[in-house]
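The values are calculated or read from the model by the stated rules, or taken from the named source; none is laboratory data. Computed from a predicted model, the values in this text were never measured in an experiment. As a convention, Cβ positions derive from the backbone with ideal geometry for all residues, glycine included, and neighbour counts pool all protein chains shown. Each accessible area value is taken on the protein alone, full model and side chains, heavy atoms only, with ligands, DNA and RNA left out. Shrake-Rupley method; radii C 1.70, N 1.55, O 1.52, S 1.80 Å.
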Amino acid sequence: MSEVLDEFEEEAEESGSSALFYLKVLSLAVIVVGFGLYIGDVLFGKSSLDVLLNLQADKDTLTVKIKNLKEENAVLQKEYFELRQLDPDR
């Protein structure tokens with residue numbers, strides 16, 4: 001009878017180590033999928049590099065536009081003061 005119990009204990013130990021192996025594989029798969037989703041979000045999400053570059057380009061465009069509008073505003077103010085016969089330097 002002892003042989004049967006020993007054999008049963010060996011099978012239980014093997015199935016325990018087998019379950020542990022499958023748990024490790026499943027954990028690794030979950031980690032890999034999670035890391036893949038994270039990388040996908042970094043590359044293609046709302047805070048991606050492409051969005052950052054587009055925002056920087058928009059900032060540069062708006063900065064140039066602001067400069068041009070300020071220059072145009074100065075010219076128009078000078079013309080306005082000249083039309084009102086005021087000294088534009090005051």
Matching residues in the range 37-60 (of a type in the set (Gly, Ala, Ser), in a helix (DSSP H, G or I) and either modelled with pLDDT of 90 or more or loosely packed, with under 10 Cβ neighbours inside 10 Å (or both)) number 1
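So that you can scan it fast, the table gives a plain yes or no per residue for (1) modelled with pLDDT of 85 or more; (2) open to solvent by 90 Å² or more (accessible area, probe 1.4 Å); (3) assigned to a helix (DSSP H, G or I):
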site: ALA12; (1), (2), (3): no, no, yes
site: LEU23; (1), (2), (3): yes, yes, yes
site: ALA29; (1), (2), (3): yes, no, yes
site: LEU62; (1), (2), (3): yes, yes, yes
site: ALA74; (1), (2), (3): yes, no, yes
site: GLN77; (1), (2), (3): yes, yes, yes
site: GLU82; (1), (2), (3): yes, yes, yes
